[in-house]
Amino acid sequence: MPTVVVVDVSLSMTRPVLAEGSEEYQRKHLAAHGLTMLFEHMATNYKLEFTALVVFSSLWELMVPFTRDYNTLQEALSNMDDYDKTCLESALVGVCNIVQQEWGGAIPCQVVLVTDGCLGIGRGSLRHSLATHNQRSESNRFPLPFPFPSKLYIMCMANLEELQSTDSLECLERLIDLNNGEGQIFTIDGPLCLKNVQSMFGKLIDLAYTPFHAVLKCGHLTADVQVFPRPEPFVIDEEIDPIPKVINTDLEIVGFIDIADISSPPVLSRHLVLPIALNKEGDEVGTGITDDNEDENSANQIAGKIPNFCVLLHGSLKVEGMVAIENVFVHLVESKVNLDDNKSPFPLQPKNKRSYAQNVTVWIKPSGLQTDVQKILRNARKLPEKTQTFYKELNRLRKAALAFGFLDLLKGVADMLERECTLLPDTAHPDAAFQLTHAAQQLKLASTGTSEYAAYDHNITPLHTDFSGSSAERM
């Protein structure tokens, strides 16, 4: 579940804080201190989380795109400048753009908004935005609720008494309500100081960023695992008195089934099940996640040498083409969980037997199509390293478009690839431009629906150039 940290860098954040001792703090220093604590926690306990850093005043700026390098995020905190007035709406619009461009509209995202509670003045202030909320056209709609599943956490560099003295708290609560009630407001308990800021961010960590540890069981075999991202309680709407179903920490496997038979079960959420290695004393060694730090590497090497049932199960399921079925809810609500996370998103199976890793393409909702197109564009920006993946996703989309008769989509994607070609930086590999141009031409030929390139079984293959030899050897 990606995280976007949005930091207020308006002039109101430079207000001094009366603290004990001779050192003087500003509210932006308290915010940086709390975020440093959050990033350090995530670097240690939530390493798989992709996090982006956005700053805003009257405009917004993406300081750090989505990354798992928390050193870069912490360095960016010390490079934040001070700007003009607060405009929360522009920041929320920026969050929408960033998340949709990178993840589409189907991936849940957590937004951590750090501000001092000042709403801005005049046009563009939060008061003005909320007052005109019901008078807007669809093209100028307020960015909440976000067009993707989300939780909005507002971290206020102010205490409750200060916010209640104005209408700031009421306006911030309105933001949570507009986001379908998904989120929470955190305030500093007591005077503004580093200790109380740590306590506030500690509450956020306990709520949203605490690792979910469980025990995976199959007969007499057990393994300590971490489920990522952290599973959320689930409420069944059909019940008369709906009670949130909490995920059990004992993940007991009740059976196995062929992946062809299970086809596409209803999915509430998808998670990675990661083994946690323990040494002889029972202390945690690691989760098998690589890191640039030498100490982490040595710990991961030790973890890799310890036999683990979770690793055995994962490999066995992949080789046998099977899926494990577990009871994961405390109230015995049965849910099918695929440890390999390779479930087909549609129950209809094609005539030709597909390989284990191949999925059926389904565009029931616009977000599904948008996700597939964005996946192609992400791989296009990483050419030539992602050449094989790029063409694999491109051919998958091409075949689906031909099967649905969606020929305009092929021309549209071709235009996108040509645009990506013009936006390549000067440092880009020469082969990237050749591959993008070649792929765009092939899609345009297929979009006519009459040429030999429009045949369903035809695959677009990488263009062989003088630059692509070394890349192909590496792959």
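Here are some notes:
- Listed peptides 147-153, 371-377 appear in the order 147-153, 371-377 once ranked by packing, highest mean of other Cβ atoms within 10 Å at the front.
- In terms of its C-alpha gyration tensor, the stretch 24-182 has an oblate overall shape, because the principal axis ratio a/c (a ≥ b ≥ c, square roots of the eigenvalues) is not below 1.5 and a/b does not outweigh b/c.
- Counted residue by residue at 0.36 nm each, then reduced by the alpha carbon distance between them, the extension gain from ASN140 to LEU407 reaches 93.1 nm.
- Share of carbon and sulfur in the accessible heavy-atom surface of the stretch 1-80 [1.4 Å probe, %]: 51 percent
- With a Förster radius of 30 Å applied to the C-beta separation of ARG174 and THR448, the computed FRET efficiency comes to 0.05.
- With contacts taken as Cα pairs under 8 Å and at least 6 residues apart, the stretch 189-228 reaches a relative contact order of 27 percent.
- Surface share of carbon and sulfur [accessible, 1.4 angstrom probe, percent] for the stretch 179-226: 52 percent
- When you restrict to C-alpha pairs under 8 Å that are six or more residues apart and normalise by the size of the stretch 364-475, the relative contact order lands at 29 percent.
- Å² per residue, accessible surface of the stretch 181-238 at 1.4 Å: 49 Å²
- Prolate/oblate/rounded label for the stretch 393-449 (Cα gyration tensor, a/c 1.5): prolate
- FRET efficiency estimate (nearest 0.05) - Cβ-Cβ, PHE234 to ALA260, R0 30 angstrom: 0.65
- Of all accessible heavy-atom area on the stretch 373-419, the percent that carbon and sulfur account for (1.4 Å): 52 percent
- Accessible surface of CYS87 - all protein chains present, 1.4 Å probe, nearest 10 Å²: 20 Å²
- Heavy-atom accessible surface of LYS318, to the nearest 10 Å², is about 120 Å², with a 1.4 Å probe and all protein chains retained.
- Sorting TYR453, TYR46, TYR25 by solvent-accessible area of protein heavy atoms yields TYR453, TYR25, TYR46, largest first, with a 1.4 Å probe.
- In the structure shown, the pairs LYS318/LYS386; LYS47/LYS392; LYS151/LYS382; LYS375/LYS399 are assessed against 19 Å; a Cα-Cα span above that value is assigned to LYS318/LYS386; LYS47/LYS392; LYS151/LYS382.
- Once the C-beta distance of THR132 and ASN97 is scaled by a Förster radius of 30 Å, the resulting FRET efficiency is 0.90 to the nearest 0.05.
- Inter-label distance, nm, simple model (7 Å from Cα along the C-beta direction), GLU40/ARG419: 4.3 nm
- The distance from the alpha carbon centre of the stretch 14-68 to that of the stretch 178-224 is 17 Å, rounded to a whole number.
- Pairwise Cα distances in the stretch 102-183 exceed 14 Å for 67 percent of all pairs.
The values are calculated or read from the model by the stated rules, or taken from the named source; none is laboratory data. Model, not experiment: these values are computed from the prediction. Neighbour counts run over all protein chains shown; Cβ positions are idealised from the backbone, glycine included. Note: accessible area is taken over every heavy atom of the protein model, side chains too, but ligands, DNA and RNA are not part of it. Shrake-Rupley method; radii C 1.70, N 1.55, O 1.52, S 1.80 Å.
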